[in-house]
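One structure is given here, and the rest of the page talks about it.
The values are calculated or read from the model by the stated rules, or taken from the named source; none is laboratory data. From a predicted model like this one, the values you see are computed outputs, not experimental measurements. Cβ sites come from the backbone with ideal geometry, for glycine too, and all protein chains shown count toward neighbours.
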Amino acid sequence: MSDGGFRGRVKLGELIDAALAPAEAVAHAGFVADLAAVTRTEDAVAAVAERLLTEGDRGRRVFLEWLARLPVRAPARVLEQVPQLLADPLLPDDLRVRAAARALRSARDPKHFLTHLVPGLTAGQTPLKALGLLRAVQGRLRRSRALDLLIARRERRLRLTCPHCPVRLPRADLARHLYEVHGLVLDRGRARHPDRIAKAWQKQYRAGRDTTLLDRAAHLSDPAALRAWAARSGPPQADLTPLAAAAGVRGCGLCPRCLGELQPSVEPLPPPLVLAGGRLTGDGYTVEVRGPDGLRTCTVSTPGGVLRSGLDGRRAVGPRAAGVVAAAAVLVAAIALRAAVPATLVLAGLACLAARFLRGPLPPAGERAVDRAWTDLVPRIRATPAGDRVLTRLCRASVGRGDEDERADVLAQLLGPATSPVRQAAVRFLQADDSSRLGVDRLAAVGSLIAAGLTGDEPIAFAEHVAGLFAGTEPPPPAPELARLRILALEAAFAAGFAPRGLADLWAACPRLKDLMAVEPLSRLGLQYAVWSLREEEPWRDYAPTETAFELARVAPTLGGRLLADYPDLLLYHRPPPGVDEALGWVLVCARGVVVGGQTVADPDAEVRVEGGRLIGSATLTFGPHRFSLPRRPPSGFVATLKRVLRVRTEVVLPHLDAALAAAPAHPGLAALARRCRCGADVLVSPGRVGRVLRTAAT
């Protein structure tokens, strides 16, 4: 029995009295459920029905409640009373529907019984309301062919008038008409806007967290409205990852306010042209070089057709072909002179070897395909968006390949103020890479290109493209080069007016710059910014002769890259006296502490002393909890200098951390990268990521 019913053995009459007695809704439902549970025979069913039907209105209502819960089939003499009781308009519709459904399941002949049941159930109802009641009964039955046919006949006969136009249609056709013509949904006989229904379901979902309501709302809501509602609900980042990934497939990002898809702030770089086996191809352009060691041929084609096909000019004859030609010439001459056969063969062999040796190997077919693309294709590519894409892809494929001298003049002609940032970046990056093959510092050249984009000499998108070109080179740049370029890029960003927190805006629009420049946690970036901001005063020189990590990246390419790769939070460095630096390396002031001999100490009052080695033998340096063996005693001032270096981090740099991390207004150059969303927000966004609203003076 239920919690509201009797406990133990009780009489059937007592349960009937309890069900008829006034009680709270929960207790009353329990009594009715208990009564239905113990009514298990036809005689008991008939007895309970007879008793309840003699108790007036209260008894008739309890009868229907009991019938709806009855676990056994009701006899025919009980079912005969149901149609008349269902006609009572004071009874709730839900109770009438449940009782009607249970009566149909109990009927021996459902089709015949239905003819008596329907008039009572639908008495006094409008045709539309009556149809709704029948559909509710249909939803509670596993199968009733008679009821299905009845509903279908009534739907065909029923004609409803559209509330927005004089059209009269069957219910199903009217529902389709309302949705397709007026954008409305037929909900319980009323034409309602889908957004209003969806908002009601969303409200119910927030109250009860019923996910079925959320699914129903998703089907009715406009996608933009549904995304905006999801954004207002504050979903966790993990829930947004699939949505952002789906947008990234289409090359878009997401607005953080409404989760609408937006085009990226910076146009993505196109991939390099495909180069494989001497064949360079992409976007309908092809340069194919064949014949690695014999007669080399070249075919150049454009989307309009074959441009050139034949021998590869002065590079057509390889060492093998040259040897064959030389040997053939000797044989022809020998035959003409009627020379001896053995001597002729020897001379032909020597001529073949000499020709092959003097000719030398031809450049790889892929290298030659790149060179022919620059000489034959580039002059015929027009300055259009499609042409800029092809030139950018060619520049990417040419990095580290081809003859840099042959294409130098062509690259210079491709530059100009009217070119797109992506083409401008690709051409200038290739120039920087070509110059590095002639001995120029490649990272310094790339760093100057990034600085040009951040400081305003070029668009910020130019700097993003340069960073993407550098990261996309094959093979990938080694860790020391990435670490050194990161410091050069940060220095350029600080000089352009980007504070540490302001870099978050830049990185939202420029993911490649973020990959290059990001430092975790933010406090380390704040300390590096503090050192840069104090570069002119150099207050650390009052403690010890030290230089900044920015200076190290500029003047010591190899050593600086290695140290910055091992210690990405490097701030300052001090070079010990000769002998000590060989044993311990340089003294490094990092965001985490001071590094000596690979060991880090953050305590400015840590113990520093030297023992032994006054006359001969090795000495021992104590640096906090660490001990180092030195081949000889360091100069007398080294210990004092090391103690002062320990104080530089806490007394000079750390006090400026709060100011370095203070909120700052958005950089004015970022306004050109913002994408206006239809919700009104100006968003900095990149493909496959949730963007960032551009902060203004008002925000």
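With respect to the conditions (1) outside the structural domain of Leu141 (by TED's automatic domain parsing); (2) under 25 Å from Ala136 (Cα atoms); (3) in contact (Cβ under 8 Å) with a residue 12 or more places away in the chain; (4) of a type in the set (A, V, I, L, M, F, W, C), Ala25 lacks only one, and its number is (3). The single condition from (1) under 25 Å from the mean Cα position of the chain (by Cα); (2) over 24 Å from Pro687 (Cα atoms) that Phe462 fails is (2).
Restricting region 394-430 to residues that are surrounded by fewer than 16 Cβ atoms within 10 Å (Cβ to Cβ) and assigned to a helix (DSSP H, G or I), the residue that is farthest from the chain's Cα centre (by Cα) is Asp409.
Highlighted here are the helices (runs of 4 or more DSSP H) found entirely within region 141-210 that include at least 2 residues which are farther than 24 Å from Arg98 by Cα and at pLDDT below 75: 194-208. The residues on offer are Arg609, Arg524, and the sole one that is outside any helix (DSSP H, G or I), touching a strand residue (DSSP E or B) at 6+ places or on another chain (Cβ under 9 Å) and charged (D, E, K, R) is Arg609. All conditions but one from (1) in contact with a Pro (Cβ under 9 Å, 6 or more places away or on another chain); (2) surrounded by 14 or more Cβ atoms within 10 Å (Cβ to Cβ); (3) over 20 Å from Arg60 (Cα atoms) apply to Arg140; the one that does not is (1).
Being touching a residue at least 40 places away in the same chain (Cβ under 8 Å), within 23 Å of Ser686 (Cβ to Cβ) and crowded, with 21+ Cβ neighbours inside 10 Å, is that true of even one residue in region 470-478? For region 470-478, residues touching a residue at least 40 places away in the same chain (Cβ under 8 Å), within 23 Å of Ser686 (Cβ to Cβ) and crowded, with 21+ Cβ neighbours inside 10 Å: present. Could you go through region 99-114 and let me know if any residue there is out of contact with any Ser or Thr (no Cβ under 6 Å at 6 or more places or on another chain), closer than 21 Å to His28 by Cβ, of a type in the set (Phe, Trp, Tyr) and surrounded by 19 or more Cβ atoms within 10 Å (Cβ to Cβ). Checked against the condition, which is being out of contact with any Ser or Thr (no Cβ under 6 Å at 6 or more places or on another chain), closer than 21 Å to His28 by Cβ, of a type in the set (Phe, Trp, Tyr) and surrounded by 19 or more Cβ atoms within 10 Å (Cβ to Cβ), region 99-114 yields no hits at all.
In region 685-699, the residues that are modelled with pLDDT under 95 form Cβ pairs under 9 Å with partners that are among the acidic types (Asp, Glu) and part of a strand (DSSP E or B), at six or more places apart or across chains, as follows: Val693/Asp682; Leu694/Asp682; Thr696/Asp682. For region 648-684, filtered to residues that are free of Cβ contacts under 8 Å to residues at least 24 places away in the same chain and touching a Leu at 6+ places or on another chain (Cβ under 8 Å), the residue that is surrounded by the fewest Cβ atoms within 10 Å (Cβ to Cβ) is Ala671. Summed over region 374-393, the residues that are in a helix (DSSP H, G or I) and either among the aromatic types (Phe, Trp, Tyr) or touching a helix residue (DSSP H, G or I) at 6+ places or on another chain (Cβ under 6 Å) (or both) give a count of 5.
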